[in-house]
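The values are calculated or read from the model by the stated rules, or taken from the named source; none is laboratory data. Owing to the predicted nature of the structure, the values given are computational and were not obtained by experimental measurement. Neighbour counts are summed over all protein chains in view; Cβ atoms, including those assigned to glycine, are modelled from backbone coordinates with ideal geometry.
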């Protein structure tokens, strides 16, 4: 069976995966870009921007793994956009422009489904009101023999961890204190007992932790 994976999920030292006050101009709220600066310095990110250069160390090695052998993605509505409640603007197509980086079917969890949205490059957004189990069933059907990526945000990853549906979790601990926002670990006491855990700290100051189901 295909695996369920989380990659490059950055959290602060106090466990927040996003800041407070998300808006159109601040996708991660008051956290700004601080959770992801380590990624912006990598060759992987530079290449995605059509640029050369960037770091080629461990940060880059783990960054480039996020979409390898991925056949579908599941994300929460707040990763797709800043709107809350009933959709007021169906013209909104996500943070990523006309050609999002996923290039697979993407299942957006929302209590307010809307028509499927086909984008350039093979990305198709499906908006579904579903439990983690049902969302995973649909994503696995779309992914075939490939794996399913859980893209976030924190509440979505937390729900899938609580339901014991994740096989591989890569968390990047960034040495900042956010103080407020949305935490990853709440309600997951004893989570470490389910996984084999490894960690490595890189010159950028972040610590990569991988939780892999035995």
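Observations
- Answer from 207, 202 - the residue that is surrounded by fewer than 18 Cβ atoms within 10 Å (Cβ to Cβ), at pLDDT 95 or above, out of contact with any strand residue (DSSP E or B) (no Cβ under 6 Å at 6 or more places or on another chain) and within 17 Å of residue 57 (Cα to Cα): 202
- Only one of the listed residues (55, 12) is in contact (Cβ under 8 Å) with a residue 40 or more places away in the chain and more than 18 Å from the chain's Cα centre (by Cα). That residue is 55.
- Segment 35-56, subset in contact with a strand residue (DSSP E or B) (Cβ under 7 Å, 6 or more places away or on another chain) and part of a loop (DSSP other than H, G, I, E, B), residue surrounded by the most Cβ atoms within 10 Å (Cβ to Cβ): 35
- Meets criteria (modelled with pLDDT of 95 or more, in contact with a strand residue (DSSP E or B) (Cβ under 6 Å, 6 or more places away or on another chain) and assigned to a strand (DSSP E or B)) for residue 176: no
Yes/no matrix, rows are residues, columns are (1) touching a helix residue (DSSP H, G or I) at 6+ places or on another chain (Cβ under 9 Å); (2) exposed (fewer than 11 other Cβ atoms within 10 Å of the Cβ); (3) at pLDDT 95 or above:
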residue	(1), (2), (3)
91	no, yes, no
103	yes, no, yes
113	no, no, no
123	no, no, yes
132	yes, no, yes
136	yes, no, yes
139	no, no, yes
142	no, no, yes
